[in-house]
Amino acid sequence: MEYVQERVTTLHDLSDPVPDAPIDRAAVVVPMTEREYAGLAAERVLSTLESLSPARVVVPLRAPAERVASFVDWLTDFDLPLDVLWCDGPRMAELLDAHGLDGERGKGRDVWLALGCAAREEYVVVHDADTKTYDERYVTRLLFPLAHGHDFSKGYYARVEDGKLYGRLFRLFYAPLVRTLAAETDAPVVHFLESFRYALAGEFATTSDLATKLRLPRSWGLEVGTLGDAFTHAGFERSAQVDLGAYEHDHRAVSGPTGLSDMSESVGRTLLRTVVEHGGSPDFETLAARYRETGYQFVEQYAADAAFNGFDYDRAGERKQVETYADAVVEPGEDTRLPAWRDASLSPEDVMTAAREDVAAIQEAR
């Protein structure tokens, strides 16, 4: 049984624990898009939250206007202290534009809008809505470290389903890129990023104070950007990771507008900006080639692990993914992160008002 500690506190599932945690002082943020509407996984998430009774549930919703009314009706059928933030409404767009904050829309932007509202509670938990194996342990385990001296906690788990290894963006892009960076720099942030067993997990929790310090990327770099600010404000000593046990959710194709190749561009840009911002100086002329070689080494290691477990493994396909991801290993460009809420020129109340008015207008127009 494995229980080795990393540089950050690592809590293991050794007894299937459901620990005591301050759920009644926590807000749970569950970002959703139109594809989650009335889905079985989202139903499971919301029903479980009903039984947990958190202080607040905040759903930042990214959906077209014609889907909003029915989506809100469905959400309000659950017995939850619920705030629905429609992220695509006209008043929301006008508000953000007036403060110079309108721009690319994505998961990071949605979660940023929700964090300001959620930080009214003492603790904030963020997790996805497409988890097929979701249960009460996810929230309690994420919150547990915050009640025991930590400011930030992140979930980890094995992405294994149906005799196959998943978690491809983490396995084949993030992990080999961070290892490549660690070989050329002693910047502590790289060792922090390397400490997390599933750094691209969407499940994390923070104190409300830390939540107001996060500068979130607008899109898929959210998870890495969160780690960068956790390093700044919590460091090794006040950060933790928690084993969430069994985990299954939807899988994405490599290509396409929301595929893993597009996601790798956001993740890579955010990861490399985080390293540079914290004192690392990667050799960008050679980094992609060195990442590619490290990635190929990872493929051989995964091939051995899959064979050991009797799993199917597409070695050629995984090498091809490494080649695709290498295109995302470039010097980061303009920083388009949203500001920390404590530094923002608008207030969470402004956001909530705009969202409520946008939803009300849609409902009245039915």
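Take segment 122-138 and flag every residue that is outside any strand (DSSP E or B) and more than 26 Å from Glu349 (Cβ to Cβ).
Our first condition is that a residue be outside any strand (DSSP E or B); within segment 122-138, this holds for 122, 127-130, 132-138.
Scanning segment 122-138 gives Asp128, Asp130, Lys132, Thr133, Tyr134, Asp135, Glu136, Arg137, Tyr138.
How about segment 310-358: which of its residues are polar (S, T, N, Q) and either free of Cβ contacts under 8 Å to residues at least 12 places away in the same chain or not in a loop (DSSP other than H, G, I, E, B) (or both)?
Gln321, Thr324, Thr353 - these are the residues of segment 310-358 that are polar (S, T, N, Q) and either free of Cβ contacts under 8 Å to residues at least 12 places away in the same chain or not in a loop (DSSP other than H, G, I, E, B) (or both).
Being surrounded by 13 or more Cβ atoms within 10 Å (Cβ to Cβ) and under 24 Å from the mean Cα position of the chain (by Cα) narrows it down to one residue among Ala344, Ala354, Ala361; which is it?
Ala344
Confirm whether Val275 is in contact with a Leu (Cβ under 8 Å, 6 or more places away or on another chain), part of a helix (DSSP H, G or I) and either open to solvent by less than 60 Å² (accessible area, probe 1.4 Å) or over 16 Å from Val190 (Cα atoms) (or both).
yes
Let me confirm something: among Glu136, Glu184, Glu223, which residue is within 13 Å of the chain's Cα centre (by Cα) and open to solvent by 10 Å² or more (accessible area, probe 1.4 Å)?
Glu223 is the lone residue from the list that is within 13 Å of the chain's Cα centre (by Cα) and open to solvent by 10 Å² or more (accessible area, probe 1.4 Å).
For segment 84-92, check the following and say yes or no: at least one residue is more than 19 Å from Leu346 (Cα to Cα) and in contact with a helix residue (DSSP H, G or I) (Cβ under 6 Å, 6 or more places away or on another chain).
First, the residues of segment 84-92 that are more than 19 Å from Leu346 (Cα to Cα): none.
Checked segment 84-92: no residue is more than 19 Å from Leu346 (Cα to Cα) and in contact with a helix residue (DSSP H, G or I) (Cβ under 6 Å, 6 or more places away or on another chain).
Given the criterion among the small types (Gly, Ala, Ser), under 24 Å from Arg109 (Cβ atoms), touching an Asp or Glu at 6+ places or on another chain (Cβ under 9 Å) and surrounded by 14 or more Cβ atoms within 10 Å (Cβ to Cβ), identify the matching residue among Ala65, Ala69.
Every option except Ala65 fails the conditions.
How about segment 1-22: which of its residues are more than 20 Å from the chain's Cα centre (by Cα) and either β-branched (Val, Ile, Thr) or under 30 Å from Ala69 (Cα atoms) (or both)?
Passing the criteria: Val4, Val18.
Table: residues versus (1) of a type outside the set (Gly, Ala, Ser); (2) more than 16 Å from the chain's Cα centre (by Cα); (3) buried (at least 18 other Cβ atoms within 10 Å of the Cβ).
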residue	(1), (2), (3)
Phe144	yes, yes, yes
Phe152	yes, no, yes
Tyr156	yes, no, yes
Val160	yes, yes, no
Leu165	yes, yes, yes
Leu172	yes, yes, yes
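For (1) buried (at least 18 other Cβ atoms within 10 Å of the Cβ); (2) at pLDDT below 95; (3) out of contact with any Leu (no Cβ under 6 Å at 6 or more places or on another chain); (4) within 25 Å of Gly108 (Cα to Cα), each residue gets a yes or a no:
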site	(1), (2), (3), (4)
Thr9	yes, no, yes, no
Ser15	no, yes, yes, no
Ala21	yes, no, no, no
Arg25	no, no, yes, yes
Pro31	yes, no, yes, yes
Glu36	yes, yes, yes, yes
Leu46	yes, no, yes, yes
Ser51	no, no, yes, no
Pro60	yes, no, no, yes
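Could you check Leu287 against (1) more than 24 Å from the chain's Cα centre (by Cα); (2) open to solvent by 60 Å² or more (accessible area, probe 1.4 Å) and say which number it fails?
All conditions are met except number (2).
Test of understanding: among Pro19, Pro54, which residue is touching a strand residue (DSSP E or B) at 6+ places or on another chain (Cβ under 7 Å), in a loop (DSSP other than H, G, I, E, B) and not hydrophobic (A, V, I, L, M, F, W, C)?
Sole residue among the options that is touching a strand residue (DSSP E or B) at 6+ places or on another chain (Cβ under 7 Å), in a loop (DSSP other than H, G, I, E, B) and not hydrophobic (A, V, I, L, M, F, W, C): Pro54.
Would you check if there is a residue in segment 111-121 being open to solvent by 60 Å² or more (accessible area, probe 1.4 Å) and in a helix (DSSP H, G or I)?
There is no residue in segment 111-121 that is open to solvent by 60 Å² or more (accessible area, probe 1.4 Å) and in a helix (DSSP H, G or I).
What residue, of Asp88, Asp97, is closer than 17 Å to Thr33 by Cβ and either free of Cβ contacts under 8 Å to residues at least 24 places away in the same chain or in a loop (DSSP other than H, G, I, E, B) (or both)?
Only one candidate passes the filter, namely Asp88.
Among the numbered criteria (1) more than 19 Å from the chain's Cα centre (by Cα); (2) under 20 Å from Thr270 (Cβ atoms); (3) part of a helix (DSSP H, G or I), which one does Gly103 miss?
Unmet condition: (3).
Looking at segment 279-306, which of the residues that are of a type in the set (Asp, Glu) and part of a helix (DSSP H, G or I) is farthest from Asp327 (Cα to Cα)?
Per the criteria, the residue is Asp305.
For Ala230, are the conditions met, namely being in contact (Cβ under 8 Å) with a residue 24 or more places away in the chain and in contact with a helix residue (DSSP H, G or I) (Cβ under 6 Å, 6 or more places away or on another chain)?
On the way: in contact (Cβ under 8 Å) with a residue 24 or more places away in the chain: yes; in contact with a helix residue (DSSP H, G or I) (Cβ under 6 Å, 6 or more places away or on another chain): no.
Taking the combined requirement at face value, the residue does not satisfy it.
Can you confirm whether segment 157-177 contains a residue that is of a type outside the set (A, V, I, L, M), under 26 Å from Leu14 (Cβ atoms) and part of a helix (DSSP H, G or I)?
yes
The values are calculated or read from the model by the stated rules, or taken from the named source; none is laboratory data. Computed from a predicted model, the values in this text were never measured in an experiment. All Cβ positions, even for glycine, are placed from backbone atoms using ideal geometry, and neighbour counts span all protein chains on display. Heavy atoms of the whole protein, side chains included, go into the accessibility calculation; ligands, DNA and RNA do not. Shrake-Rupley method; radii C 1.70, N 1.55, O 1.52, S 1.80 Å.
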